[in-house]
Amino acid sequence: MRLQPEDKAALRDKVSRIVAKTDITDIHTHIYAHTFGGLLLWGIDDLLTYHYLIAETMRFLDMGYEHFWALPKSAQAELVWKTLFLDRSPISEACRGVLTTLEKLGLDVSKRDLQEYRRFFAAQKVQDYVDRVFELAGVKTVVMTNDPFDDSELPHWLNSDQHDSRFRAALRLDVLLNSWQSAIPKLREWGYNVGTEINSQTVSEVRRFIVDWLNRMNAVYMAVSLPPTFTFPEASPRGQLISECILPVAIETGRPFAMMIGVKKLTNPALRLAGDSVGKANIDVVEYLCVNYPEAKFLVTMLARENQHELCVAARKFRNLHVFGCWWFLNNPSLIDEITRMRLELLGLSVTPQHSDARVLDQLIYKWAHSRDIIANVLADKYIDLASTGWQISEDEIKRDVSALFGDNFWRFIA
């Protein structure tokens, strides 16, 4: 059936309108509710000192890294603004994101007036501003990254009973799994009788710790960031803790184990958080876990572009594997488009195509504005392909599909 151009345009417009209006569950972020106080980053200076922009700025400067880090945040932000926005055109995705955010907040980016933008943010009340960002981004729920080994975050969980139901917790276990020797003294301090040897008592106590914190946080999943060299099974502390603690708790509680695989930590240590890099991982590890632990649920995103096709094929084989997001260095328009098309072609509507990975509250605005446009365009192409066969797609069916991609698939998977 040959579609007329006007029919294609009408269908594309309908998809775009539905995508623009559908509320989102952002299943992986690094932002916090306002009740976490200073852990919630927001405003122009935090936007400008995002680690993507710092790494990009330092490519143009002869300044020593330590000199940069010694500057107050306001001076760092001014240096980033001058280097990336005034001395040259801000065409990178991270730069464009700042401008999209300012524009959607009603600020005039043509003025290029950093001080005016600062005055705007200084006038905001943080709780009201959180509401405004959620409304502009079309986000109804975000999943945080919550680490009990973080001394700045721990007091909130021990002392606070304040709660914003839009912010859900995810129990982050990087220290436990990737730095076991560092975790031991903390666990002992908190009353968990663990030893350096991972014996039956240590296993029992670590399981108790995980369950205690899943319950304390009401966490929706457990999560860890893993290097490209990650392998399983292995005789390392990490391998033992995954097999004897994480996976049994995942099966017992029904909480998924989220693995974010492929990050090379501190490739350039002088850049601090901005110094991490990417490596190709081994998909055999994911397949091994899925086939040998069919009662466990695995949320997986991988950092290397080279892993995306293999990950899609693996997900076709295992219903206990849910693929999500274009993580970190993949969160760029050309790659989001490519990866989303591949996933829909291989996996249909059984994925969560995107998460923001936002570290600054305001980033929800631009990351979802940009991703919505890309996802809408990909979906429209796919519906046009269907319509060309004579298949009729209703508006309600499009709404159903978009809702699935923007959150319903995730909640169904973790249920």
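Structural remarks
- Gyration tensor over the Cα atoms of the chain: the corresponding equivalent ellipsoid has semi-axes (square roots of 5 times the eigenvalues, largest first) of 34, 30, 20 Å.
- Largest GNM mean-square fluctuation among Pro333, Pro72, Pro294, using the chain with Cα springs under 10 Å: Pro72.
- Of the residues Met222, Val211, Ser165, the one whose Cα sits farthest towards the positive end of the charge dipole of segment 140-253 is Ser165 (charges of +1 on Lys and Arg Cβ, -1 on Asp and Glu Cβ, taken about the Cα centre).
- Relative to one another, the C-alpha centroids of segment 148-175 and segment 367-415 are positioned 33 Å apart.
- Nearest-20 debye value, the chain charge dipole, Cβ charges on Lys, Arg, Asp, Glu: 320
- Spin-label pair Phe120-Arg96: with each label point 7 Å from Cα along the Cα-Cβ axis, the two points sit 2.0 nm from one another.
- Applied to segment 236-244, the Karplus parametrisation 6.51 cos²θ - 1.76 cosθ + 1.60 on θ = phi - 60° returns per-residue 3J(HN,Hα) values of 6, x, 4, x, 5, 5, 5, 6, 9 Hz, with x for Gly and Pro.
- Residues of segment 103-141 with amide N under 20 Å of a point placed 7 Å along Cα→Cβ from Leu349: 140
- Two-site FRET efficiency, Ala387 against Glu295, from Cβ-Cβ distance with R₀ of 45 Å, rounded to 0.05: 0.65
- Mean residue ellipticity (222 nm) of the chain, computed from DSSP H runs ≥ 4 via -39,500 (n - 2.57), nearest 500: -14500 deg cm²/dmol
- Between segment 74-143 and segment 331-345, the alpha-carbon center distance in angstrom: 26
- Our estimate of slack between Trp190 and Phe60, defined as 0.36 nm per intervening residue step minus the Cα-Cα distance, is 42.2 nm.
- Computed over the chain: relative contact order in percent, which uses C-alpha pairs under 8 Å that are six or more apart: 23
- Only beta bridges with both residues in the chain are counted; by DSSP, about 10 percent of them are antiparallel.
- Within the shell defined by Cβ-Cβ distances under 13 Å, the residues around Thr202 carry a net charge of 0, with Lys and Arg each +1 and Asp and Glu each -1.
- Relative contact order, percent, segment 35-127 [alpha-carbon distance under 8 Å, six or more residues apart]: 32
- The lysines within cross-link reach of Lys21, meaning a Cα-to-Cα straight distance under 17 Å and a gap of 8 or more places when in the same chain, are Lys104, Lys140, Lys367, Lys399.
Rule-based calculations on the coordinates, nothing more; no lab input. Everything numeric in this text was worked out from a predicted model, so none of it was measured. Here Cβ is always computed from backbone atoms with ideal geometry, including for glycine, and neighbour counts include all displayed protein chains.
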